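Participant: The structure follows.
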Amino acid sequence: MDPANPPHPMGTESAPWWTSAVVYQVYPRSFQDCDGDGIGDLGGVLQRLDHLADLGVDVLWLSPVYPSPQADNGYDISDYEGIDPLFGTQAQLDELIAALHGRGMRLVMDLVVNHTSDEHPWFVESRSSPSSPKRDWYWWRPPRGRFAAGTPGAEPTNWQSAFSGPAWTLDEASGEYYLHLFTRKQPDLNWENPEVRQAIYAMMRRWLDRGVDGFRMDVINMISKDVADDGHLHDGPPIPGTGLGDGSASYICGPRIHEFLQEMHREVFSGRDAALLTVGEMPGVTIEQAKLFTDPARAEVDMVFQFEHVNLDQGSSKWDVRPLRLRNLKASFGRWQAGLADVGWNSLYWDNHDQPRAVSRFGDDSPAFRRDSATCLATLLHLHRGTPYVYQGEELGMANFPFASVDEFRDVESVNHFGAAMVAGQDPTAVLAAMRRMSRDNARTPVQWDASPSAGFTTGTSWLPVNPDHVEWNAAAQRDDPTSVLAHYRRLIALRHENPVVALGDFAMLLPEHEHVYAFTRTLDSQVLLVVCNVGATPYELSALLPRANGATLLLGNLPDAAATLRPWEARVLQLS
Ligand code: TEU
């Protein structure tokens, strides 16, 4: 080895296994129900493993199945080591680990440790008395200044919670407030307290000992709060029209975040020789921070979920929906690709259980272009450098749900938002229109397995209605159709497995200003791929845009009979050399 020129940490020899892996996210409540109660469960996941194997994915990320009052569909956990009877049994979880491992797949669990449920025994104990030994496990504070407890403005800070209203709730018994960045049923744990951290690490070690292969860490960049020596937390800038403030500067990538993640790594992951995967969900993370989080030499996490690209179609909030400008998407993805080119690693996603369906949001879900835009977006994303995540149903081209009235929404974020917007005097029709486009419930309707009345999801009544378009858009109809969205995802996943340039090649953006064509190259040693995607309905002459495409070999395309014209929503992966 040339000492002046050590091997690239992500070189073909030394790259970690997850650089060529694809992760599939299961939101169990909506995946497959096996007992007819209308709610998906572990038995259902076990029944559908052939679908994952057939797709060729390497990892299953399972959204929470732990005991929970379900105030936020399981992201409010009351026992980190149990299985909610709603979802099944401990034995089924062990069966799932074994079944996945038997098929060469891995299981990544959701880790939700910024907060617990208010029904978690830790919080019940903490709340029982100001002198409880667990009082300091959460964020308890007296009312502000001379305000009487319970009066508006008495909250210890002005922070707005993620799901409308203040981030503090008064506990009448003690006259103190507790902090919850999400719903009032999700009190934030106090990571300043070393006992809290040790209890969490011990729990994580037990999951790994049991055979799980890693964690997706919920809002993990929010665990360190900027707290003054005297315990004071700081107000944030006011949010117009709410009377509340934006506290994010006090809890997004707070002062001790790297210290906590390094400690977690030492206590939980180091010294284990298993092939594990850790991904930190990090709203508001910057590229500079992401580089620190994912630099292997720092031993924090393998990769992060960043949010920049899913905020590009929003104004002041997610409900303020704006059209996406393609050049902004290129600028954003391009910066992330460049920023993590030498150190760190990207995660790639369009969809998850919090985002509306990509084909409706960034594609065109009208009959003419639904299949083509779904496959075009998939190609664009999967050919970037990073680990792609596929959210259940995305591989079928599942679209947003045609919500007709406010009563049809179930998600706490949507329901609270509607209530707050009505109190603020907003126009209900406009509020509903934004919810139809952006609500998380769009992602949570049942997976469409077949054309039967409940789409093969349940024999009972599903907890959210099945999208009526399932009669046409379903897995059974696509499985043996080589032109289907499903078949295209299968090919993209195989391409990443087979072709190191897809996993590891350097990225270079082309045509950064073009409003409709997204193009880039990927280069590894002497191999160069040219990826070109028409993100819209206007045809373009390919050789006029990219003369280099002339004579190149088509490795993968989403439309048959590639010719001189790049057709609406056409995507091509070309081999240049
Ligand atoms: O999401 C964190 C997060 O940033 C989102 O809640 C975001 O605020 C919202 O979806 C924007 O619309 C994670 C989980 O993925 C989400 O399901 C949970 O509700 C949340 O944390 C709290 O655990």
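The values are calculated or read from the model by the stated rules, or taken from the named source; none is laboratory data. All values reported here derive from a predicted model rather than from experimental measurement. Heads up, the Cβs are rebuilt from the backbone with ideal geometry, glycines too, and the neighbour counts pull from every protein chain shown. Quick note on the areas: whole protein, heavy atoms, side chains included, nothing else; ligands and nucleic acids left out. Shrake-Rupley method; radii C 1.70, N 1.55, O 1.52, S 1.80 Å.
Participant: Filtering region 466-503 down to residues that are hydrophobic (A, V, I, L, M, F, W, C) and farther than 18 Å from Thr379 by Cβ, which residue is surrounded by the fewest Cβ atoms within 10 Å (Cβ to Cβ)?
Facilitator: Ranking the candidates gives Ala476 first.
Participant: Going through Ile97, Ile83, Ile77 one at a time, which residue ends up being in contact with a Pro (Cβ under 8 Å, 6 or more places away or on another chain), surrounded by fewer than 21 Cβ atoms within 10 Å (Cβ to Cβ) and hydrophobic (A, V, I, L, M, F, W, C)?
Facilitator: Criteria check complete, one pass: Ile83.
Participant: Next question, about the same structure. Can you tell me which residue among Ile220, Ile239 is touching a residue at least 24 places away in the same chain (Cβ under 8 Å), of a type outside the set (Asp, Glu) and closer than 30 Å to Gly145 by Cα?
Facilitator: Exactly one of Ile220, Ile239 is touching a residue at least 24 places away in the same chain (Cβ under 8 Å), of a type outside the set (Asp, Glu) and closer than 30 Å to Gly145 by Cα, namely Ile239.
Participant: Quick one: in region 411-425, of everything that is out of contact with any helix residue (DSSP H, G or I) (no Cβ under 9 Å at 6 or more places or on another chain) and farther than 12 Å from Phe163 by Cα, which residue is farthest from the ligand (Cβ to nearest atom)?
Facilitator: Of everything passing the filter in region 411-425, Gly425 is farthest from the ligand (Cβ to nearest atom).
Participant: Look through region 388-410, keep the residues that are among the small types (Gly, Ala, Ser) and within 30 Å of Trp18 (Cα to Cα), and return whichever of them is nearest to the ligand (Cβ to nearest atom).
Facilitator: Ranking the qualifying residues of region 388-410, first place goes to Gly393.
Residue by residue, here is whether (1) over 26 Å from Asp364 (Cβ atoms); (2) not polar (S, T, N, Q) holds:
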position: Thr458; (1), (2): yes, no
position: Asn467; (1), (2): no, no
position: Ser484; (1), (2): no, no
position: Arg490; (1), (2): no, yes
position: Pro500; (1), (2): yes, yes
position: Asp506; (1), (2): yes, yes
position: His516; (1), (2): no, yes
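Participant: Take Ala162 and decide whether it is away from the ligand (no atom under 16 Å from the Cβ) and part of a loop (DSSP other than H, G, I, E, B).
Facilitator: No: the conditions fail for Ala162.
Participant: Would a scan of region 111-123 turn up a residue that is open to solvent by 10 Å² or more (accessible area, probe 1.4 Å), assigned to a helix (DSSP H, G or I) and more than 17 Å from Phe31 (Cβ to Cβ)?
Facilitator: yes
Participant: Let me ask something else about it. If a residue must be over 24 Å from Phe418 (Cβ atoms), hydrophobic (A, V, I, L, M, F, W, C) and open to solvent by less than 10 Å² (accessible area, probe 1.4 Å), how many such residues does region 156-189 contain?
Facilitator: Result for region 156-189: 2.
Participant: Further question: Go through region 227-253 residue by residue and tally those that are more than 30 Å from Ala421 (Cα to Cα) and assigned to a loop (DSSP other than H, G, I, E, B).
Facilitator: Total satisfying the criteria: 5.
Participant: Restricting to region 498-537, name every residue that is more than 19 Å from Gly339 (Cβ to Cβ) and of a type in the set (Gly, Ala, Ser).
Facilitator: If the condition is that a residue be more than 19 Å from Gly339 (Cβ to Cβ) and of a type in the set (Gly, Ala, Ser), then Ala519, Ser526, Gly536, Ala537 are the ones that fit.
Participant: Here's another thing I want to ask about it. Using beta carbons and a limit of 9 Å, which pairs, at least six apart or on different chains, have the first residue in region 60-74 and part of a strand (DSSP E or B) and at pLDDT below 95 and the second one open to solvent by less than 10 Å² (accessible area, probe 1.4 Å) and within 11 Å of the ligand (Cβ to nearest atom)?
Facilitator: Pairs that qualify, where the first residue is part of a strand (DSSP E or B) and at pLDDT below 95 and the partner is open to solvent by less than 10 Å² (accessible area, probe 1.4 Å) and within 11 Å of the ligand (Cβ to nearest atom): there are none.
Participant: Identify, please: which residue in region 194-224 is among the basic types (Lys, Arg) and more than 16 Å from the ligand (Cβ to nearest atom) and is, among those, farthest from Glu267 (Cα to Cα)?
Facilitator: Residue satisfying both the conditions and the ranking: Arg210.
Participant: Run down Gly393, Gly460 and say which single residue is open to solvent by less than 30 Å² (accessible area, probe 1.4 Å) and closer than 30 Å to Gln337 by Cβ.
Facilitator: Exactly one of Gly393, Gly460 is open to solvent by less than 30 Å² (accessible area, probe 1.4 Å) and closer than 30 Å to Gln337 by Cβ, namely Gly393.
Participant: How many residues, within region 224-267, are aromatic (Phe, Trp, Tyr) and in contact with a Phe, Trp or Tyr (Cβ under 8 Å, 6 or more places away or on another chain)?
Facilitator: 1
Participant: Among residues belonging to region 333-352 that are more than 16 Å from the ligand (Cβ to nearest atom) and aromatic (Phe, Trp, Tyr), point out the one that is nearest to Arg437 (Cα to Cα).
Facilitator: Phe333
Participant: Condition first: of a type in the set (Ser, Thr, Tyr), under 29 Å from Asn352 (Cα atoms) and in contact (Cβ under 8 Å) with a residue 60 or more places away in the chain. Can you find one or more residues in region 117-126 that meet it?
Facilitator: Yes - at least one qualifying residue is present in region 117-126.
Participant: Got a number for residues in region 419-432 being closer than 21 Å to Arg361 by Cα and open to solvent by 40 Å² or more (accessible area, probe 1.4 Å)?
Facilitator: So the count comes out to 2.
Participant: Taking region 225-236, which residues are in contact (Cβ under 8 Å) with a residue 60 or more places away in the chain and either away from the ligand (no atom under 16 Å from the Cβ) or open to solvent by less than 10 Å² (accessible area, probe 1.4 Å) (or both)?
Facilitator: Passing the criteria: Lys225, Gly231, Leu233, His234, Asp235.
Participant: Residues of region 112-138 being within 16 Å of the ligand (Cβ to nearest atom), of a type in the set (A, V, I, L, M, F, W, C) and out of contact with any helix residue (DSSP H, G or I) (no Cβ under 7 Å at 6 or more places or on another chain), which ones?
Facilitator: Once the filter is applied, which keeps residues that are within 16 Å of the ligand (Cβ to nearest atom), of a type in the set (A, V, I, L, M, F, W, C) and out of contact with any helix residue (DSSP H, G or I) (no Cβ under 7 Å at 6 or more places or on another chain), region 112-138 yields Val112, Phe123.
Participant: Report yes if some residue within region 133-149 is within 27 Å of Met422 (Cα to Cα) and in contact with a strand residue (DSSP E or B) (Cβ under 6 Å, 6 or more places away or on another chain); otherwise report no.
Facilitator: Scanning region 133-149, I find at least one residue that is within 27 Å of Met422 (Cα to Cα) and in contact with a strand residue (DSSP E or B) (Cβ under 6 Å, 6 or more places away or on another chain), so the answer is yes.
Participant: Right, next: If you go through region 60-84 one residue at a time, how many are more than 16 Å from the ligand (Cβ to nearest atom) and within 16 Å of Tyr27 (Cα to Cα)?
Facilitator: Result for region 60-84: 2.
Participant: Another question about this same structure. Give region 43-72 a look and list any residue that's touching a helix residue (DSSP H, G or I) at 6+ places or on another chain (Cβ under 7 Å) and either within 25 Å of Asp118 (Cα to Cα) or of a type in the set (Lys, Arg) (or both), or say none.
Facilitator: Across region 43-72, the qualifying residues are Leu62, Ser63, Val65, Ala71, Asp72.
Participant: Something else now. Would you mind stating whether Gln314 is open to solvent by 30 Å² or more (accessible area, probe 1.4 Å), away from the ligand (no atom under 14 Å from the Cβ) and polar (S, T, N, Q)?
Facilitator: Spelling it out, it is not the case that Gln314 is open to solvent by 30 Å² or more (accessible area, probe 1.4 Å), away from the ligand (no atom under 14 Å from the Cβ) and polar (S, T, N, Q).
Participant: Taking only pairs six or more apart or across chains, which ones have beta-carbon atoms under 6 Å, a first residue in region 314-337 that is closer than 14 Å to Glu515 by Cα and free of Cβ contacts under 8 Å to residues at least 40 places away in the same chain, and a second residue that is within 16 Å of the ligand (Cβ to nearest atom) and aliphatic (A, V, I, L, M)?
Facilitator: From region 314-337, the pairs are Leu324/Leu312; Asn328/Leu312.
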